1. So Ser34 clears everything in (1) in a helix (DSSP H, G or I); (2) in contact (Cβ under 8 Å) with a residue 40 or more places away in the chain; (3) among the small types (Gly, Ala, Ser) except one condition, right? Which one?
2. I want to confirm something. Restricting to segment 72-92 and keeping residues that are of a type in the set (A, V, I, L, M) and touching a residue at least 40 places away in the same chain (Cβ under 8 Å), which single residue is farthest from Lys7 (Cα to Cα)?
3. For segment 71-83, enumerate the residues that are farther than 13 Å from Leu22 by Cβ, over 14 Å from the mean Cα position of the chain (by Cα) and surrounded by 13 or more Cβ atoms within 10 Å (Cβ to Cβ).
4. For segment 1-33, give me each residue that is hydrophobic (A, V, I, L, M, F, W, C), out of contact with any strand residue (DSSP E or B) (no Cβ under 9 Å at 6 or more places or on another chain) and surrounded by fewer than 17 Cβ atoms within 10 Å (Cβ to Cβ).
5. With respect to Ala57, is the statement that it is more than 14 Å from the chain's Cα centre (by Cα) and under 27 Å from Pro97 (Cβ atoms) true?
6. For segment 13-54, which residues satisfy the criterion of being among the β-branched types (Val, Ile, Thr) and either over 13 Å from the mean Cα position of the chain (by Cα) or within 19 Å of Thr88 (Cβ to Cβ) (or both)?
7. Keeping to segment 84-98, report how many residues are of a type in the set (A, V, I, L, M, F, W, C) and surrounded by 12 or more Cβ atoms within 10 Å (Cβ to Cβ).
8. Within segment 45-71, which residues are assigned to a loop (DSSP other than H, G, I, E, B), farther than 14 Å from Gly3 by Cα and in contact (Cβ under 8 Å) with a residue 24 or more places away in the chain?
Amino acid sequence: MYGLIGKMRAARGQRDAVMDVLRASTGALPGCLSYIVATDPADADAIWVTEVWTDQASHKASLQLPEVQAAIAKARPFIAGFEFQVETNPVGGFGLPDGKTG
């Protein structure tokens with residue numbers, strides 16, 4: 001499995017608009033096992049996104065999908081920036097398949 005955890009910053013007062021776009025555009029992405037959008041209780045403009053994919057290639061391919069490209073274009077005016085992104089190797093957990101590779 002392939003994971004990403006990222007923190008983005010919405011333009012002041014636009015966090016909900018960005019989250020609405022993120023949530024609306026994450027249904028049935030091939031290879032996406034989990035896509036969680038969360039607020040930061042200490043920062044009104046921060047958004048955390050935690051993703052789990054079957055593999056890195058699935059994530060990369062998703063960025064080329066027309067619906068994902070449209071969502072990026074729609075959200076871009078409301079995003080002030082990206083603070084960081086961390087890659088992970090999920091091994092399982094509640095709601096995820098067993099990540100053992102043998």
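Coordinate-derived values only; no laboratory data. If you're wondering where the values come from, they're calculated on a predicted model, not measured in any experiment. Neighbour counts run over all protein chains shown; Cβ positions are idealised from the backbone, glycine included.
1. (1)
2. Across segment 72-92, the extreme among qualifying residues is Val91.
3. Hit for segment 71-83 is Ala80, nothing else.
4. Within segment 1-33, the first condition is being hydrophobic (A, V, I, L, M, F, W, C), and the residues that meet it are 1, 4-5, 8, 10-11, 17-19, 21-22, 24, 28-29, 32-33.
Among the residues that remain, those that are also out of contact with any strand residue (DSSP E or B) (no Cβ under 9 Å at 6 or more places or on another chain) are: 21, 24, 28.
Of everything in segment 1-33, those that are hydrophobic (A, V, I, L, M, F, W, C), out of contact with any strand residue (DSSP E or B) (no Cβ under 9 Å at 6 or more places or on another chain) and surrounded by fewer than 17 Cβ atoms within 10 Å (Cβ to Cβ) turn out to be Ala24, Ala28.
5. So Ala57 passes the test.
6. Within segment 13-54, Thr26, Ile36, Val37, Ile47, Val49, Thr50, Val52, Thr54 meet the criteria.
7. Qualifying residue count for the region: 2.
8. Leu65
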